[in-house]
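Undergrad: Sending over a structure as structure tokens; questions will come in a sec.
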Amino acid sequence: MLDNRLKKIAELVSGEGIACDVGTDHAYLAAELINSGKCSKVIASDVKEGPLEAARNTVERYGIQDKVELVLSDGLENVDLNGVTDVVIAGMGGETIAEIIGNSTAEKPDDLRFILQPMTKSELLRKKLYEYQYEITAEYAVEEKDKIYVIMVAERSSEWTKLTESEALYGFFDDNDETAKKYRRREAERLAKVSDSLKKAGDANGAGHYSALSQKMESGADIAEISEIYCFLDSVYPFGAQEKWDNSGLLVENYDMKCSKVLLSLDITNKAINEAFEKGAELIISHHPVIFEPRKRITRNDPVYRLIENGIGALCMHTNLDIAAGGTNGVILQKLTEKLDISGEPEPFEELGGDNSLGWIIELNEEISPKKLAELCKGIFGCEYVRTSKRVRRIKKLAFCSGSGGSMLGLAAEKGCDALITGDVKHDVWIDANNMDIAVLDCGHFHTENLVLWELRRVLEERFPRLDIEIAESSADPCEYV
């Protein structure tokens with residue numbers, strides 16, 4: 001009566017109490033659990049009357065009406081979980097299963113086991129389970145004809161842990177399971193195809209990321225020496241080129257100077273440290289230095305204290321990343337040239353010698369209005385709003401500098417620019433901009449720099465494809481706008 005998928009699910013039911021089959025359809029699983037003697041009672045629920053009627057026919061055919069309770073319920077909402085030890089949710093999308101578990105208001109016993117079989121988005125379900133404070137204690141791959149199904153067992157965890165994107169894709173199979181190996185090979189092939197499609201579409205960041213995910217799916221994640229990561233980054237964004245007042249470099253060491261997971265963040269905040277700890281990252285690479293001004297005292301809530309306490313290293317790349325050819329301003333240049341019709345080659349804004357410059361100047365083939373340029377910047381930087389000066393005339397030549405570049409207004413005027421794109425513009429700069437009739441666009445310090453993290457991930461994954469590198473979810477605008 002049962003296919004391989006349902007047979008494995010039935011095998012995984014503990015039989016220690018009542019089993020609940022959510023989305024029961026024909027109640028075949030419920031009938032098997034009762035007829036085999038594994039369970040003395042099963043709750044079979046569905047959100048629609050049609051499937052419940054089909055389940056009722058199966059129950060009556062086997063004469064087990066007194067042992068199978070049929071419940072009309074949206075997920076677990078109408079299910080009494082008293083005495084229930086196992087909840088089966090099978091044959092639905094991973095997103096739907098996650099919503100049933102996460103949105104349910106039903107009181108869930110701490111010893112409740114979930115047996116889950118998603119038809120799609122297994123990685124999303126894995127990630128959500130850990131966000132709900134469950135852990136996957138076992139996972140299996142079952143083949144039926146040419147399709148491979150994933151079945152996971154999840155139980156309440158005493159610890160808050162989060163999965164990285166790579167871990168959520170990789171799963172928790174027994175490494176000796178041949179069907180699981182086949183599943184991972186297929187997933188690796190799927191991710192490689194996504195990478196090829198993104199490459200053809202011109203998305204180098206996305207293509208590199210999915211290529212690295214494919215390699216990790218095929219061969220697993222790897223460990224790297226932090227010194228090796230430092231030396232590589234030094235070769236791309238030389239630390240020796242940083243401004244004299246800056247403090248870029250390896251500012252906090254971890255326990256053994258190795259890492260299997262790296263978190264990328266614009267700033268090393270306490271939220272970023274929490275995320276690194278929950279994801280098991282041994283190293284945070286940030287743009288802004290976690291140690292900048294000399295400290296006379298380090299308190300318990302100081303990020304430096306918490307990094308050391310949790311054994312997490314900190315590698316910070318500030319002005320060396322800003323001024324390098326492919327660094328922060330290089331990313332902005334690429335984004336602007338994708339959206340605007342540029343005339344000739346870009347010229348350095350503030351020349352620093354060698355191949356380094358702070359920002360760039362570009363000239364447009366066609367003039368653009370300040371308002372249209374501001375709207376374009378909102379899309380590029382992902383900012384909620386852009387503050388602009390009161391210039392009305394159209395723009396032909398513009399300069400830009402990431403971060404806090406308002407002080408460079410005079411240089412922009414000296415070089416004949418109609419506009420300056422930057423962040424953190426002070427009041428006096430707005431006055432000067434209006435007097436000079438130059439369009440200043442303040443897109444925010446955070447937004448003009450945070451976009452470099454995707455390029456940094458691409459560069460690192462190209463060199464360390466099997467290192468688990470994650471852009472921090474906590475790397476977010478520190479301000480709210482009312």
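The values are calculated or read from the model by the stated rules, or taken from the named source; none is laboratory data. Since we're looking at a predicted model, the values are computed, not measured. All Cβ positions, even for glycine, are placed from backbone atoms using ideal geometry, and neighbour counts span all protein chains on display.
Undergrad: So, Ala141, is that one in contact with a helix residue (DSSP H, G or I) (Cβ under 6 Å, 6 or more places away or on another chain), within 25 Å of Ala221 (Cα to Cα), small (Gly, Ala, Ser) and part of a strand (DSSP E or B) or not?
TA: Criteria met by Ala141.
Undergrad: Hey, among the residues in region 296-316 that are touching a Phe, Trp or Tyr at 6+ places or on another chain (Cβ under 8 Å) and touching a residue at least 60 places away in the same chain (Cβ under 8 Å), which one's farthest from Leu251 (Cα to Cα)?
TA: Ile312
Undergrad: Among the residues of region 220-250, what is the count of those that are among the aliphatic types (A, V, I, L, M), touching a Ser or Thr at 6+ places or on another chain (Cβ under 9 Å) and over 30 Å from Asp175 (Cα atoms)?
TA: Quick first cut of region 220-250, residues among the aliphatic types (A, V, I, L, M) only: 221, 223-224, 226, 229, 233, 236, 241, 250.
Within this subset, residues satisfying the condition of being touching a Ser or Thr at 6+ places or on another chain (Cβ under 9 Å) are 221, 223-224, 241, 250.
Cutting the leftovers down to over 30 Å from Asp175 (Cα atoms) gives us 241, 250.
Final tally of qualifying residues: 2.
Undergrad: For Ala90, indicate whether it is in the same structural domain as Ala154 (by TED's automatic domain parsing) and either buried (at least 23 other Cβ atoms within 10 Å of the Cβ) or of a type in the set (Phe, Trp, Tyr) (or both).
TA: Considered against the rule, which asks whether it is in the same structural domain as Ala154 (by TED's automatic domain parsing) and either buried (at least 23 other Cβ atoms within 10 Å of the Cβ) or of a type in the set (Phe, Trp, Tyr) (or both), Ala90 comes out as no.
Undergrad: Tell me, which residue of region 415-438 that is touching a Cys at 6+ places or on another chain (Cβ under 9 Å) and touching a residue at least 24 places away in the same chain (Cβ under 8 Å) is farthest from Lys372 (Cα to Cα)?
TA: The qualifying residue farthest from Lys372 (Cα to Cα) is Gly423.
Undergrad: Within region 353-363, does at least one residue satisfy the condition of being among the small types (Gly, Ala, Ser), over 22 Å from Thr328 (Cβ atoms) and touching a residue at least 24 places away in the same chain (Cβ under 8 Å)? Break it down stepwise before answering.
TA: First pass over region 353-363, keeping only residues among the small types (Gly, Ala, Ser): 353-354, 357, 359.
This time we only want the ones that are over 22 Å from Thr328 (Cβ atoms), so: none.
Taking every residue of region 353-363 in turn, none turns out to be among the small types (Gly, Ala, Ser), over 22 Å from Thr328 (Cβ atoms) and touching a residue at least 24 places away in the same chain (Cβ under 8 Å).
Undergrad: Looking at Asp428, is it at pLDDT 95 or above and either in contact with a strand residue (DSSP E or B) (Cβ under 8 Å, 6 or more places away or on another chain) or of a type outside the set (A, V, I, L, M, F, W, C) (or both)? Steps first, answer last, please.
TA: Working: at pLDDT 95 or above: yes; either in contact with a strand residue (DSSP E or B) (Cβ under 8 Å, 6 or more places away or on another chain) or of a type outside the set (A, V, I, L, M, F, W, C) (or both): yes.
So Asp428 fits the description; yes.
Undergrad: Kindly indicate which of Lys200, Lys182, Lys244 is out of contact with any Leu (no Cβ under 9 Å at 6 or more places or on another chain), closer than 21 Å to Leu321 by Cβ and basic (Lys, Arg).
TA: Going through Lys200, Lys182, Lys244 in turn, the sole match is Lys244.
Undergrad: Next question, about the same structure. Which residues, counting only those in region 206-234, are in a helix (DSSP H, G or I) and either at pLDDT below 95 or more than 20 Å from the chain's Cα centre (by Cα) (or both)?
TA: Quick first cut of region 206-234, residues in a helix (DSSP H, G or I) only: 206-219, 226-234.
Of everything in region 206-234, those that are in a helix (DSSP H, G or I) and either at pLDDT below 95 or more than 20 Å from the chain's Cα centre (by Cα) (or both) turn out to be Glu218, Ser219, Ile226, Ser227, Glu228, Ile229, Tyr230, Cys231, Phe232, Leu233, Asp234.
Undergrad: Leu315 fails exactly one of the following numbered conditions: (1) modelled with pLDDT of 95 or more; (2) surrounded by fewer than 21 Cβ atoms within 10 Å (Cβ to Cβ). What is the number of that condition?
TA: (2)
Undergrad: Looking at region 281-291, is at least one residue out of contact with any Leu (no Cβ under 9 Å at 6 or more places or on another chain), in the same structural domain as Ile229 (by TED's automatic domain parsing) and either more than 21 Å from Glu473 (Cβ to Cβ) or not charged (D, E, K, R) (or both)?
TA: no
Undergrad: Looking at Gly416, Gly379 in this structure, which one is exposed (fewer than 12 other Cβ atoms within 10 Å of the Cβ) and within 19 Å of Asp477 (Cβ to Cβ)?
TA: Answer to the selection: Gly379.
Undergrad: Further, regarding this structure: Restricting to region 391-416, name every residue that is among the basic types (Lys, Arg) and over 38 Å from the mean Cα position of the chain (by Cα).
TA: Result: Arg391, Arg393, Arg394, Lys415.
Here is a yes/no grid of residues against (1) modelled with pLDDT under 95; (2) of a type in the set (Lys, Arg); (3) more than 21 Å from Leu264 (Cβ to Cβ):
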site: Pro118; (1), (2), (3): no, no, yes
site: Tyr130; (1), (2), (3): no, no, no
site: Ala141; (1), (2), (3): no, no, yes
site: Ser157; (1), (2), (3): yes, no, yes
site: Leu163; (1), (2), (3): no, no, no
site: Lys182; (1), (2), (3): no, yes, yes
site: Ser197; (1), (2), (3): no, no, yes
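Undergrad: Going residue by residue through region 171-190, is there one that turns out to be aliphatic (A, V, I, L, M), under 23 Å from Val452 (Cβ atoms) and either without any contact (Cβ under 8 Å) to a residue 12 or more places away in the chain or touching a helix residue (DSSP H, G or I) at 6+ places or on another chain (Cβ under 6 Å) (or both)?
TA: no
One line per residue, one yes/no per condition, for (1) part of a helix (DSSP H, G or I); (2) among the acidic types (Asp, Glu); (3) assigned by TED's automatic domain parsing to the domain that holds Cys443:
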site: Ile308; (1), (2), (3): yes, no, no
site: Gly311; (1), (2), (3): no, no, no
site: Gly326; (1), (2), (3): no, no, no
site: Asn329; (1), (2), (3): yes, no, no
site: Pro346; (1), (2), (3): no, no, yes
site: Glu350; (1), (2), (3): no, yes, yes
site: Gly353; (1), (2), (3): no, no, yes
site: Trp360; (1), (2), (3): no, no, yes
site: Asn365; (1), (2), (3): no, no, yes
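Undergrad: Among the numbered criteria (1) surrounded by 21 or more Cβ atoms within 10 Å (Cβ to Cβ); (2) assigned by TED's automatic domain parsing to the domain that holds Leu76, which single criterion is violated by Thr137?
TA: Looking at each condition in turn, Thr137 falls short on (1).
Undergrad: Say we look at region 265-295 and pick out the residues that are acidic (Asp, Glu) and not in a loop (DSSP other than H, G, I, E, B); which of these is surrounded by the fewest Cβ atoms within 10 Å (Cβ to Cβ)? Step through it out loud before you land on a result.
TA: If we filter region 265-295 for residues that are acidic (Asp, Glu), which is where we start, we get 267, 275, 278, 282, 293.
So of that shortlist, the ones also not in a loop (DSSP other than H, G, I, E, B) come out as 275, 278.
Working: Glu275: 20, Glu278: 15.
Ranking the qualifying residues of region 265-295, first place goes to Glu278.
Undergrad: Exactly one condition in (1) surrounded by 15 or more Cβ atoms within 10 Å (Cβ to Cβ); (2) in a loop (DSSP other than H, G, I, E, B) is not met by Ile298; state its number.
TA: Of the numbered conditions (1) surrounded by 15 or more Cβ atoms within 10 Å (Cβ to Cβ); (2) in a loop (DSSP other than H, G, I, E, B), the odd one out for Ile298 is (1).
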